[in-house]
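Engineer: Okay, here's the structure, questions in a sec.
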Amino acid sequence: MNRLDYLVLIATILAIPLYGLWRTRGSASLGQYLKGDASIRWATIGLSVLATQAGPITFLSMPGQAYESGIGFIQNYFGQPLALIVVCAVFVPIYQRLKVYTAYQYLGERFDQKTRLLGAFLFLVQRGIAAGITIYAPAIVLSALLGWRLNLTIWLAGGLVIVYTVVGGTKIVSITQRYQMIVILIGMAIAFAVAVYRLAPDLSFEHTLSVAGKMGKLEAVDLSIDPHKRYTFWSGLIGGFFLALSYFGADQSQVQRYLAGGSLKESRLGLLFNAAVKVPMQFFILLLGAIVFMFYQFEKPPVYFNQPAYQRAVESSYGPQLTALQTQFDDVFTQKRAAIRSLADASTTERGAAMTKVQELDAQAHELRNQTKGILAQAGVDPKSKESDYVFITFILQQMPHGLVGLLIAVILCATMSATSAILNALGSTTAIDFYQPLIRPNASDHHYVVAAKALTAAWGLIAIAVASFASLVENLLEAGNILGSVFYGSMLGLFLAGFFIRRVTGSAVFFAALVAQTLVFVLFATTNIGYLWYNFIGCAAVLILAPVLQQTIFRSKDAPAGV
Amino acid sequence: MNVGDDNPDARSWRKAYGLALSLFAVEVVLLYLFTIRFS
């Protein structure tokens with residue numbers, strides 16, 4: 001990165017929050033602080049919902065995921081449009097009618113206080129950790145490649161977000177997310193165009209895609225019904241539906257986004273905008289990863305993308321082994337590049353044999369990379385992050401022109417700030433409205449609750465920074481967020497669906513059903529190897545089956561209230 | 001207002017949901033065709 005990059009980076013990440021602070025200057029009532037005001041329209045809501053979900057992990061990890069394993073991850077989003085339609089038709093009208101600040105207030109109205117607190121508690125635990133991961137994810141990668149100090153990166157990104165989220169509340173989150181998402185979309189579109197432009201000129205784009213497909217990178221839809229496969233059409237449609245339904249319907253970080261503005265029409269249009277654009281957007285981000293993969297079939301890639309970690313290992317006693325593997329990798333790369341180039345001139349009959357040779361060489365290269373990773377693990381370097389998270393950022397730093405590098409680093413930091421601000425805003429609001437107000441100060445003034453919400457938002461920001469400072473990830477960044485969500489979301493969604501659709505069930509039955517369901521998911525998570533999306537379905541189904549059973553047996557004597 | 005309501009506003013929202021659903025179906029079919037073409 002040169003001065004131009006730093007100028008673009010700093011200007012981009014500072015200008016948007018400063019504009020937001022200017023737009024939200026002056027004092028706000030509790031309603032304005034927690035729900036924004038009527039000036040927020042569907043486009044802002046739509047972009048805000050999109051930005052909250054995307055986060056830095058989407059832009060850092062997803063192209064790397066496609067580089068490593070292909071674009072099959074797109075199927076995880078297949079349940080989302082359906083879930084968004086259900087949220088529009090069922091959840092939003094109820095929240096709007098009850099004029100709630102948080103989704104968990106609904107649980108209190110429909111069931112009882114303990115069920116409300118359980119829903120809010122599940123949200124706080126899950127999102128409190130997720131906020132830390134959201135800040136940590138880009139910080140670990142950027143600090144490794146750019147030489148920035150990890151804790152300084154965490155504090156700078158996190159500190160800026162805390163300041164503007166605390167000051168401006170929901171309105172500033174919506175306004176800044178709108179412009180941050182515009183920067184992100186423009187940045188990613190430019191990155192896509194540059195990546196396509198940098199592809200080898202001796203193969204047409206269609207040929208390039210054909211080769212990528214034959215190398216297993218373009219299988220977008222897999223109709224297999226094997227439950228152990230992580231990404232299939234069915235797990236995406238069913239598990240993804242329940243994940244998205246709980247995320248958009250019961251996670252306050254999203255509910256607060258579409259309740260901003262206060263109009264049913266604007267909320268629904270913002271969500272339908274997401275239903276329309278989410279799958280295509282994720283497809284292009286994944287395809288970008290596949291294109292980067294094809295770029296590195298002609299331009300020699302590093303054998304290991306986290307180069308600083310690799311260099312540390314080379315300088316250790318493992319150096320000779322790594323050098324030998326590097327030599328073999330270079331040789332296989334040269335053969336593979338020649339084999340791919342020969343595909344362009346091959347006749348139809350020769351193409352099958354030529355493609356088989358490319359696949360064999362690719363398998364050899366893959367094996368050599370795995371051996372290298374194994375040695376790095378033995379050497380004890382880079383234990384905290386997955387190598388594929390470094391693929392896209394390496395491509396940006398090495399192949400993009402100056403200025404654009406700064407813009408794309410800004411894209412990653414904008415994504416970090418937008419997702420984190422939404423989460424902190426929701427954590428602060430939920431703690432203030434669902435815990436502080438009913439349990440500690442029930443009858444204080446609006447102004448008191450605004451101050452409390454600000455203090456709690458700041459406190460959650462500091463907790464997120466603490467989590468980020470001590471985080472050590474077990475899977476790659478993209479997976480960590482989704483797995484964490486899937487473990488908690490099923491039972492949380494079950495609480496809401498029981499409230500909406502099972503009329504004769506009381507708070508106690510639902511409360512204990514959710515506790516049992518959550519325990520069941522923890523046990524399955526610890527003891528089995530089921531694709532994690534299924535936990536959403538299992539947790540939710542367990543609550544919906546157990547609650548009526550408990551109602552008819554243990555809690556039979558209690559009168560069941562009518563549904564809200 | 002629920003999805004089952006029969007007033008004009010509810011009918012127009014049902015049309016909007018149908019449109020979103022159709023768009024999603026088209027997206028999945030295109031992705032499937034993309035998979036067949038390039039895998």
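Engineer: I'd like the mean, over residues of B:18-29, of how many other protein chain beta carbons sit within 10 Å of each residue's own Cβ.
Structural biologist: 5
Engineer: So, one more: I need to check one value: relative contact order of chain A, counting alpha carbon pairs closer than 8 Å and at least 6 residues apart, in percent.
Structural biologist: Reported as a whole number, the value is 31 percent.
Engineer: Related question: If you take the beta carbon distance between A:Glu299 and A:Ala377 as r and set R0 to 25 Å, what does 1/(1 + (r/R0)^6) give as a FRET efficiency, to the nearest 0.05? Before the final figure, lay out each step's value.
Structural biologist: On the way: r = 27 Å, r/R0 = 1.07.
Between A:Glu299 and A:Ala377 the formula returns 0.40.
Engineer: Fewest Cβ neighbours within 10 Å first, please rank A:Glu219, A:Glu299 accordingly.
Structural biologist: Sorted ascending by nearby Cβ count, the order is A:Glu299, A:Glu219.
Engineer: Normalised by the empirical 2.2 N^0.38 Å for globular proteins, what value does the Cα Rg of the protein assembly as shown take?
Structural biologist: Cα Rg divided by the expected 2.2 N^0.38 Å: 0.99.
Engineer: Anything over 24 Å Cα to Cα? Flag those among A:Lys217/A:Lys373; A:Lys300/A:Lys357; A:Lys99/A:Lys265; A:Lys114/A:Lys171; A:Lys386/A:Lys454; A:Lys99/A:Lys278, in the order listed.
Structural biologist: Beyond 24 Å: A:Lys114/A:Lys171; A:Lys386/A:Lys454; A:Lys99/A:Lys278.
Engineer: Calculate one ³J(HN,Hα) per residue across the range A:215-225 by plugging θ = phi - 60° into the Karplus curve 6.51 cos²θ - 1.76 cosθ + 1.60, and present them in order as whole Hz with x for glycine and proline.
Structural biologist: Once θ is set to phi - 60°, the couplings for the range A:215-225 become 8, x, 9, 10, 7, 6, 10, 10, 8, 4, 10 Hz.
Engineer: Now a separate question. Whole-Hz ³J(HN,Hα) for each residue in the range A:398-406, computed from phi via Karplus 6.51 cos²θ - 1.76 cosθ + 1.60 with θ = phi - 60°, x for glycine and proline: what do you get?
Structural biologist: 3J(HN,Hα) across the range A:398-406, in whole Hz: 9, 10, 8, x, 4, x, 6, 4, x.
Engineer: Using the per-residue mean of other Cβ atoms lying within 10 Å as a proxy for protection, in what order, highest first, do the peptides A:399-408, A:484-493 fall?
Structural biologist: Highest to lowest by the protection proxy: A:484-493, A:399-408.
Engineer: Work out, step by step, the length gained on full extension between A:Gln328 and A:Asn151: first 0.36 nm times the residue separation, then minus their alpha carbon distance; give nm to one decimal.
Structural biologist: Numbers: separation 177, 0.36 × 177 = 63.72 nm, distance 3.76 nm.
The A:Gln328-A:Asn151 span can extend by a further 60.0 nm.
Engineer: Using only alpha carbon pairs under 8 Å that are at least six residues apart, calculate the relative contact order of the range A:399-463 and give it in whole percent.
Structural biologist: 40 percent.
Engineer: Another question, if that's okay. Kindly state, to the nearest 0.05, the FRET efficiency for A:Glu367 paired with A:Val196, given R0 = 25 Å and r defined as their beta-carbon distance.
Structural biologist: 0.30
Engineer: What residues from the range A:496-534 fall in the zone where the backbone N is under 13 Å from a label point 7 Å along the Cα-to-C-beta line of A:Asp226?
Structural biologist: Residues A:531 fall inside that zone.
Engineer: Ok, one more. Quick check: pseudo-label points 7 Å beyond the Cα along Cα→Cβ at A:Lys265 and A:Leu18, how many nm apart are they?
Structural biologist: Here the modelled spin labels are 3.7 nm apart.
Engineer: By how many degrees, between 0 and 90 and to the nearest 10, does the Cα long axis of helix A:3-23 differ from the longest principal axis of chain A?
Structural biologist: Tilt of helix A:3-23: around 10 degrees.
Engineer: Gain in length, A:Ala466 to A:Lys357, computed as 0.36 nm per residue apart minus the alpha-carbon separation, to one decimal in nm? Walk me through the numbers on the way to the answer.
Structural biologist: Details: separation 109, 0.36 × 109 = 39.24 nm, distance 5.01 nm.
Roughly 34.2 nm would be gained on extension.
Engineer: May I pose another question? Classify the range A:224-293 as rounded, prolate or oblate from the Cα gyration tensor: take a ≥ b ≥ c as the square roots of its eigenvalues, call it rounded if a/c is under 1.5, otherwise prolate when a/b beats b/c and oblate if not.
Structural biologist: Because a/c hits 1.5 or more and a/b fails to exceed b/c, the range A:224-293 counts as oblate.
Engineer: Then there's this: Scan around A:Asn306 for amide H atoms under 5 Å from its own, H built in the peptide plane at 1.01 Å from N, and keep only partners 5 or more places away or cross-chain.
Structural biologist: Residues meeting the criterion, in which the H sits 1.01 Å from N, do not exist here.
Bear in mind these aren't lab numbers, they're just calculated from the coordinates by the rules spelled out. Predicted model, so just to flag it, every value in this text is computed and none were measured. Reconstructed Cβ throughout: ideal geometry from the backbone, glycine too, with neighbour counts over all protein chains shown.
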